[in-house]
Amino acid sequence: DTERVFVLWGSQPHSSKAAHGGHGLTDARSNLGVKTIVVDPYMTAEATKADVWLPVRPGSDCALMLSWIHHIIENDLYDEQFVKHWTNLPFLIDPDTKLPVKAQELFPDFKQTTPENTPAYVCFDLKTNAVAPFEYSAPADSAVDPEIFWAGEFNGKQYKTAGQIYKEEADPWTLEKTAEECWLQADKIEEAIKLYVENNGGI
C-alpha cells in the first residue's frame, strides 16, 4: 500500500491560506495519513510537521530540483510508459526555436489522423530505429515506441528529445554536489525523493 505525499516547495498554506489550505492540509495529514515534504529555508508551521524538511539555501532551488531529476532518471524511478506516452519528453526539440518539432515540419507529406487541435509531433521510434511522426494516442494504439532519451541528426540538423535535454542539464547534480550547493545533507535529499516516488506511484 502507498500513501499520498504532498511536496510543499516554498509554499506556506498555514500562513497564506489559513482558512482553506492550512486546515485542509491538517485534515489530510490527520485523517488521510498524507505525508509532507517541505522545501523552505524557514522553519515554517509546515516544516515543523513535515516528514522530511529540506531547509534549502535561498537561491539554490533550481539545483535541488535538478538533483531530483538526476536521481530519478539515473535510478529508473519513473513510470516509463507514462513518460513515453503522456508527457512531452520524447518530443524532438528544435535547437533554434527551443520548441517541440511538429510532424509537418520534418514530414511535409504527413497526413494527421488526430484532431487538428492536438498537434502531431516527432520522436525517435524504437520500432523502426528512425525519426518518425508521433501522434497523440493511448499507448496501446500508438504507431510508434518513442525513445525518451535520444540525440542525433535528421536531414543534416542535430536534434535532441526533451528528455535528453533534461537529462544532460541534470547530470552534474549528484546528491553530494547538490548537498554542498544547497547547504543540505545528501541523505535527506535522497529520503525526500524516495518518499515522493514510492508514495506517488512513480513519475
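The values are calculated or read from the model by the stated rules, or taken from the named source; none is laboratory data. The structure presented is a predicted model; accordingly, all values stated were derived computationally and were not measured. Cβ: placed from backbone, ideal geometry, glycine included. Neighbour counts: every protein chain shown. Just so you know, the surface numbers come from the protein's heavy atoms only, side chains and all, with ligands and any DNA or RNA stripped out. Shrake-Rupley method; radii C 1.70, N 1.55, O 1.52, S 1.80 Å.
Just a few scattered comments:
- Of the candidates A47, A28, A63, the single residue that is open to solvent by less than 40 Å² (accessible area, probe 1.4 Å) and free of Cβ contacts under 8 Å to residues at least 12 places away in the same chain is A47.
- Only one entry of D61, D51, D76 meets the criterion of being under 15 Å from K188 (Cβ atoms), of a type in the set (D, E) and within 23 Å of the chain's Cα centre (by Cα), and that entry is D51.
- Residue check, F107 surrounded by 12 or more Cβ atoms within 10 Å (Cβ to Cβ), over 20 Å from the mean Cα position of the chain (by Cα), in contact (Cβ under 8 Å) with a residue 12 or more places away in the chain and at negative phi: yes
- Any pair with Cβ under 8 angstrom, 6 or more apart, that starts in the range 176-194 at a residue that is under 20 Å from Y42 (Cβ atoms) and ends at one that is open to solvent by 80 Å² or more (accessible area, probe 1.4 Å) and not hydroxyl-bearing (S, T, Y): A179/Q185
- Wholly within the range 111-203, strands (runs of 3 or more DSSP E) carrying at least 1 residues that are exposed (fewer than 13 other Cβ atoms within 10 Å of the Cβ) and not hydrophobic (A, V, I, L, M, F, W, C): 151-154, 157-161
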